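Heads up: the structure comes next, in structure tokens.
Derivation of every value follows stated rules applied to the coordinates shown; laboratory data play no part. These numbers were taken from a predicted model, which means no experiment stands behind them. Every residue, glycine as well, gets a Cβ built from its backbone with ideal geometry; the counts of neighbours run over all protein chains shown.
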Amino acid sequence: MRLVQVVTADEGGGGRAAYRLHDGLCRIGADSTLYVATKCHPDSATVVFQPSEGRVAKFQRYLRRTYLTARRVSYQQIDRPWNWDSRCQHGGDPLAQLPSADVVNLHTISNFFDYTAYFQQFAPRVHTVWTLHLMSPFTGGCNYSYGCKRFQQECGGCPFLHPQREHDLSRTVWQEKNEAYGAVNSSQLHLIAPSRWLAGEVRSSSLLGGFPLSVIPYGVDTQAYTPRDRKWARETLGIAQDAAVVLFVTQHSFDVKAKGFSFLIEALAGMTEFPGLHLLTLGGGGGDLERLRVRHTHLGHVFNDRLLSLVYSAADIFAIPSLQDNLPNVVLEALACGLPAVGFDIGGLPEMIRPGQTGELAAAGDVTSLREAMTRILGNAKLRAEMSSRCREIAVAEYGLELQAREYLKVYEHLLSKTTNAQTLVRLFPN
């Protein structure tokens, strides 16, 4: 069985998840190839799309790019990461270079695959699995709806777009996706949601609610992400041994707001009972630090898994105060390194952050609740040690790469054999 994982880039949230699935499949002997527009990992099995350098192809890309830019030029994107278009400047060109496969597993494909080209021209002839990392495949463009339910009808009048009007770009994009998905038979497309929360959103959507769906959590390499010696980790990073260290991670600078960094800053400001409080940040930037009154170290981007495990091992708690999130890879990494997490009780976070076991949950958007949750763990060394052991146990038992890969193989085999009702494949995990 030949498998192809398709993702725009093999880094970032969805990209990292796609790469790890590919890695897990290869580890159990499956024939998996990664197909990307942008390659970051040095993987010999990865195939990189090469845009044609011919004059005609370049001119066609220019026309498509100009059209896509023109139709969104009157809108001002605000506050939300957004996938503006279901269309792509490459048109159907990436399909011509798609490696031969029995099953194509799509991941995040924005700015790489044109929805119309794939789902109308290609998907009816191939078995497709689509791992949904965000809500954008079934909305008019927003990665997360933040409580907006317009995706259950046909979008339009989007509260996140300025100017706001009923027949806006979100309606146009929704209609394009609706037409594209309409060409695919439900027996040819199977959806994967990494969290039960996202699965519920998918089932309520007007675009993808009618397709078969399974819930399979992400996997993490529990050999690379493992607890390291804390003393050594802190010495390496220049952090005091007696400090109370809070870790915050974001992939991109534009994600800082979405990941709730402002809530964390406000919560830390009131934690005066910890004079050695130290904020450690990773990724695209620490955001607005004017209100920060504690020691802060920003490490920038770290891509090496073992180095990341060192950073996780240097911290006492991992903070992720997002107002909406799926099943963040960074939480799985923290758990595998024995690091308890604190976050808001939203999205897929409660599926990983289990109060009293792997961390604490706070009421969504409540800074006081967030502060109290962090204080409960930081102020109790015995509880923190117990949670650390439990975090590691759960990561190994439920989120291993091979476990995830085998669950995906069941879905692939179902699509090829068509002997099992898709509903029996839904895997729900206990709290």
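Using 0.36 nm per residue of separation minus the Cα-Cα distance, give me the extension gain between Ala224 and Ala269 in nm, one decimal. Let's see the in-between values first.
Numbers: separation 45, 0.36 × 45 = 16.20 nm, distance 3.38 nm.
The span from Ala224 to Ala269 would gain 12.8 nm if fully extended.
Show me, for segment 136-146, the HN-Hα J-couplings you get by feeding each phi into the Karplus relation (A = 6.51, B = -1.76, C = 1.60, θ = phi - 60°), rounded to Hz, glycine and proline as x.
Taking θ as phi minus 60°, the curve returns 4, x, 10, 10, x, x, 6, 5, 9, 8, 6 Hz for segment 136-146.
Going by C-beta contacts inside 10 Å, put Phe318, Phe59 in order with the fewest on the left. Before the final figure, lay out each step's value.
Numbers: Phe318 27, Phe59 10.
Ascending number of Cβ neighbours within 10 Å: Phe59, Phe318.
Which residues' amide hydrogens lie under 5 Å from the amide hydrogen of Leu191, considering only partners 5 or more residues apart or on another chain, with H built in the peptide plane?
Trp130, Leu213, Ser214
What chymotrypsin sites (Phe, Trp or Tyr not before Pro) in segment 170-273 are in a loop by DSSP, with at most 10 other Cβ atoms within 10 Å of the Cβ? Please list the in-between numbers first.
On the way: sites: Trp174, Tyr181, Trp197, Tyr218, Tyr225, Trp232, Phe248, Phe254, Phe261, Phe263; in loops: Tyr218, Tyr225.
Sites meeting the loop and neighbour criteria: none at all.
What residues from segment 322-346 fall in the zone where the backbone N is under 18 Å from a label point 7 Å along the Cα-to-C-beta line of Asp366?
From segment 322-346, the list is 322-324, 342-346.
Once you have a ≥ b ≥ c as the square roots of the Cα gyration tensor eigenvalues for segment 65-216, tell me rounded if a/c is under 1.5, and otherwise prolate or oblate according to whether a/b is larger than b/c. The partial results should precede the final answer.
On the way: a/c = 1.96, a/b = 1.26, b/c = 1.55.
It is oblate, given that a/c is not under 1.5 and a/b is not larger than b/c.
Please compute the modelled spin-label separation between Asp345 and Ser52, points set 7 Å along Cα→Cβ, answer in nm with one decimal.
Label at Ser52, label at Asp345, 5.6 nm between them.
By counting other Cβ atoms within 10 Å of each Cβ, how are Lys177, Lys231 ranked from fewest to most? Walk me through the intermediate numbers first.
On the way: Lys177 24, Lys231 11.
Listed from fewest to most nearby Cβ atoms, that is Lys231, Lys177.
In segment 153-239, what GluC sites (Glu not before Pro) fall in a loop by DSSP, with at most 12 other Cβ atoms inside 10 Å?
Numbers: sites: Glu154, Glu166, Glu176, Glu179, Glu201, Glu235; in loops: Glu154, Glu166.
Here the sparse-neighbourhood loop sites are Glu166.
Give the percent of DSSP beta bridges with both residues in the chain that are antiparallel, rounded to the nearest 5.
On the way: 3 of 50 bridges.
Percent antiparallel among DSSP bridges in the chain is about 5.
Short version: ³J(HN,Hα) in whole Hz for each residue of segment 32-48, in order, from phi by Karplus 6.51 cos²θ - 1.76 cosθ + 1.60 (θ = phi - 60°), x for Gly and Pro, what are they?
Coupling constants for segment 32-48: 10, 10, 9, 10, 9, 8, 10, 9, 10, 7, x, 10, 5, 8, 7, 9, 10 Hz.
Can you compute 3J(HN,Hα) from phi for each residue in segment 156-170, using the Karplus curve 6.51 cos²θ - 1.76 cosθ + 1.60 with θ = phi - 60°, rounded to whole Hz and x for Gly and Pro?
x, x, 5, x, 9, 9, 10, x, 8, 8, 4, 9, 9, 5, 5
Give me the percent relative contact order of segment 297-421, please, defined on Cα pairs under 8 angstrom at least 6 residues apart. Let's see the in-between values first.
Numbers: 162 pairs, mean separation 26.5, N = 125.
Once divided by the residue count of segment 297-421, the mean separation gives 21 percent.
What's the exposure ranking of Leu98, Leu25, going from fewest to most Cβ atoms within 10 Å? Each step should come with its number before you reach the end.
Numbers: Leu98 18, Leu25 25.
Lowest to highest Cβ neighbour count: Leu98, Leu25.
If the chain between His167 and Met1 were fully stretched, how many nm would it gain, using 0.36 nm times the residue separation less the Cα-Cα distance?
On the way: separation 166, 0.36 × 166 = 59.76 nm, distance 4.44 nm.
Extra length from His167 to Met1 when fully extended: 55.3 nm.
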